[in-house]
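Beneath this line is the structure, given in structure tokens, with notes to follow.
The values are calculated or read from the model by the stated rules, or taken from the named source; none is laboratory data. Note that the coordinates shown come from a computational prediction; the quantities given were computed from them, not determined experimentally. Reconstructed Cβ throughout: ideal geometry from the backbone, glycine too, with neighbour counts over all protein chains shown. These area figures cover heavy atoms from the full protein model, side chains too; ligands, DNA and RNA do not enter into them. Shrake-Rupley method; radii C 1.70, N 1.55, O 1.52, S 1.80 Å.
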Amino acid sequence: MTAGDPGGSVVRRILLGSQLRRLRESRGITREAAGYSIRASESKISRLELGRVSFKARDVEDLLTLYGVTDDAERGALLSLVKEANVAGWWHSYSDVLPGWFQTYIGLEGAASLIRGYEAQFVHGLLQTEAYAHAVIERGMRGAPREDIDRRVALRLARQKVLVAERAPDVRIVLDEAALRRVHGGPQVMRGQLEHLVEVAQFPHVTLQVMPFSHGWHAGESGTFTLLTFPESDLSDLVFLEQLTSALYLDKREDVAQYEKAMARLQQECPSPKQSLELLRRIATEFA
């Protein structure tokens, strides 16, 4: 992972797509008409505007002309984003074992300034030890070659470098007690994982809380979710919902607001970070 801007290409792709969408809508041009101008389909324009695919400079030039953007400075600024948006991220070297839908998330995670999330079943990927990650991934990839499992573990550990980067994000995670007691890899692996959480929870930019069984119903009952906030003002907050074979990215303000409220309630209802730390230590001692 580069120390400079690990997820920048993904963010720039999304920024460029959103700016092209605003330009198109301001001119009252349909996606179908925009697609025709670059010899592509309406769905291709949709994917470009969502930042889901790479850009060709020629296509962007043609779209800018269609949208009436003639100022050289404005065209130059947008075209410069094309080159930056098409730079391959460090995670592309793992594309043989990494689902395409998850590559976008890794780029966004690496570019976020604030990562908030609730985990119901597993320790958050950014907080996993190598042994715990190996146990989880091996179980999830039953029958896969050992080399593929090892590479997926290496990818997960590489993601964690963001926690010690020069501009590390603010990370606020709520773990359900179930995630701490569900055994992966055996008692020693679990004890090591819990001791690692105690250590990471003391990082100045990490806030870790545990939702105990004793609390009963809580705002995270609908399941695991992650909220990403970015330093770029043009990029809205995103909610990431991982599914079995794909993922959802929610960016509508009303959807994001609901998850922000859920996260705020979770943090309010949980024991404090200090109390959660003591709970982590206590659970760790239970794994002899």
Restricted to segment 181-196, and to residues that are not in a loop (DSSP other than H, G, I, E, B) and not aliphatic (A, V, I, L, M), which residue is most open to solvent (accessible area, probe 1.4 Å)? GLN188
In the set ARG142, ARG116, the lone residue that is of a type in the set (D, E, K, R) and either closer than 18 Å to LEU208 by Cα or at pLDDT 95 or above (or both) is ARG116
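Which is of a type in the set (A, V, I, L, M, F, W, C), open to solvent by 10 Å² or more (accessible area, probe 1.4 Å) and part of a strand (DSSP E or B), of LEU235, LEU241, LEU228? First the steps, then the outcome.
Details: LEU235 fails: part of a strand (DSSP E or B); LEU228 fails: open to solvent by 10 Å² or more (accessible area, probe 1.4 Å).
The conditions single out LEU241.
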For LEU126, which of the numbered conditions (1) assigned to a helix (DSSP H, G or I); (2) open to solvent by less than 10 Å² (accessible area, probe 1.4 Å); (3) modelled with pLDDT under 95 fails to hold? (3)
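Rundown of residues vs (1) in contact with a strand residue (DSSP E or B) (Cβ under 6 Å, 6 or more places away or on another chain); (2) under 30 Å from ALA257 (Cβ atoms), yes/no style:
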| site | (1), (2) |
| --- | --- |
| ALA179 | yes, yes |
| HIS184 | no, no |
| GLU195 | no, no |
| VAL206 | yes, yes |
| MET211 | yes, yes |
| GLY216 | no, yes |
| GLY223 | no, yes |
State the number of residues belonging to segment 256-288 that are surrounded by fewer than 15 Cβ atoms within 10 Å (Cβ to Cβ) and not in a helix (DSSP H, G or I). 3
When segment 160-198 is checked residue by residue, the ones that are modelled with pLDDT under 95 and touching a Gly at 6+ places or on another chain (Cβ under 7 Å) are VAL162
Please indicate, with yes or no, whether at least one residue in segment 247-255 is surrounded by 14 or more Cβ atoms within 10 Å (Cβ to Cβ), aromatic (Phe, Trp, Tyr) and in a strand (DSSP E or B). yes
Candidate set: segment 157-173, residues that are under 25 Å from GLN268 (Cβ atoms) and of a type in the set (A, V, I, L, M); chosen: the one most open to solvent (accessible area, probe 1.4 Å): ALA168
For segment 247-265, give me the residue count where each residue is over 25 Å from PRO99 (Cα atoms) and among the β-branched types (Val, Ile, Thr). 0
Just to verify a result, which residue in segment 234-263, among those that are hydrophobic (A, V, I, L, M, F, W, C), within 26 Å of LEU81 (Cβ to Cβ) and out of contact with any strand residue (DSSP E or B) (no Cβ under 6 Å at 6 or more places or on another chain), is modelled with the lowest pLDDT? LEU235
When you scan segment 97-131, how many residues do you find that are under 8 Å from the mean Cα position of the chain (by Cα) and either among the hydroxyl-bearing types (Ser, Thr, Tyr) or within 15 Å of ASP176 (Cβ to Cβ) (or both)? 2
